1. Within region 42-55, how many residues turn out to be under 12 Å from Val9 (Cβ atoms) and surrounded by 18 or more Cβ atoms within 10 Å (Cβ to Cβ)?
2. Inside region 33-109, counting only helices (runs of 4 or more DSSP H) that do not spill past its ends, which hold 3 or more residues that are at pLDDT 90 or above and of a type in the set (Gly, Ala, Ser)?
3. Within region 42-62, work out how many residues are in contact (Cβ under 8 Å) with a residue 40 or more places away in the chain, among the aliphatic types (A, V, I, L, M) and touching a Ser or Thr at 6+ places or on another chain (Cβ under 6 Å).
4. Report, by residue number, each residue of region 2-32 that is of a type in the set (S, T, N, Q) and either assigned to a strand (DSSP E or B) or touching a helix residue (DSSP H, G or I) at 6+ places or on another chain (Cβ under 9 Å) (or both).
Amino acid sequence: MIASISGTVKQISLTSVVIEVGSTGGIGMLVHVPSSLAATLVLGKNAELATTLVVREDALTLYGFESSHARDFFELLQTVSGIGPKVAQSALSMMNEVELSTAIASGDNLALERIPGLGKKGVQRLILELKDKVGSTSQSHAPAAQLWRASITEALINLGYSQRESDKAIDVVASEFGAQVSAQPVAELLKLALQQLGRS
């Protein structure tokens with residue numbers, strides 16, 4: 001298992017990055033990442049990701065995450081019947097692992113049905129098979145639900161916006177959702193914050 005990767009970010013797309021590794025460089029590793037993570041990475045800067053290698057008969061695919069906890073949750077999602085790495089990656093692009101844990105533990109079908117490729121039956125299986133496994137995790141991480149704000153702030157600053165601009169845009173987005181803001185997908189909140197900055 002390739003447990004982590006560290007190096008210079010050479011390319012960034014919506015759902016993948018190329019990281020140049022090795023002391024002399026020249027070797028670029030393609031790593032598939034959640035879109036919310038891709039938005040926080042910066043070309044030319046060093047990045048360290050927790051990774052897992054998915055082995056299939058016709059391909060070897062490396063997936064990367066912000067933390068080992070996110071990687072472990074990615075692997076947990078794939079223990080559910082019908083959920084493969086692409087759907088698991090989509091899930092972590094829509095919500096971080098704390099938000100997913102909370103949605104699964106509380107049986108929030110509406111939030112989970114937003115995940116591309118999952119569908120209503122997939123949501124039912126997800127809740128049925130993981131509810132007991134993530135229940136204690138979501139409760140112990142409940143205060144971390146505010147991580148959405150830190151994640152979006154970091155992404156906006158990496159995109160060139162100031163702390164003040166970022167805070168102002170995030171405040172507007174937060175006011176639109178009120179108490180439900182932490183239940184929204186991080187990727188969607190980031191998109192709305194960028195739209196707000198585009199208007200200012």
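1. 2
2. 85-94
3. Total meeting the criteria: 2.
4. Ser4, Ser6, Thr8, Gln11, Ser13, Thr15, Ser16
The values are calculated or read from the model by the stated rules, or taken from the named source; none is laboratory data. This is a predicted model, so every value here is computed, not measured. Backbone-built Cβ (ideal geometry, glycine too); neighbour counts: all protein chains shown.
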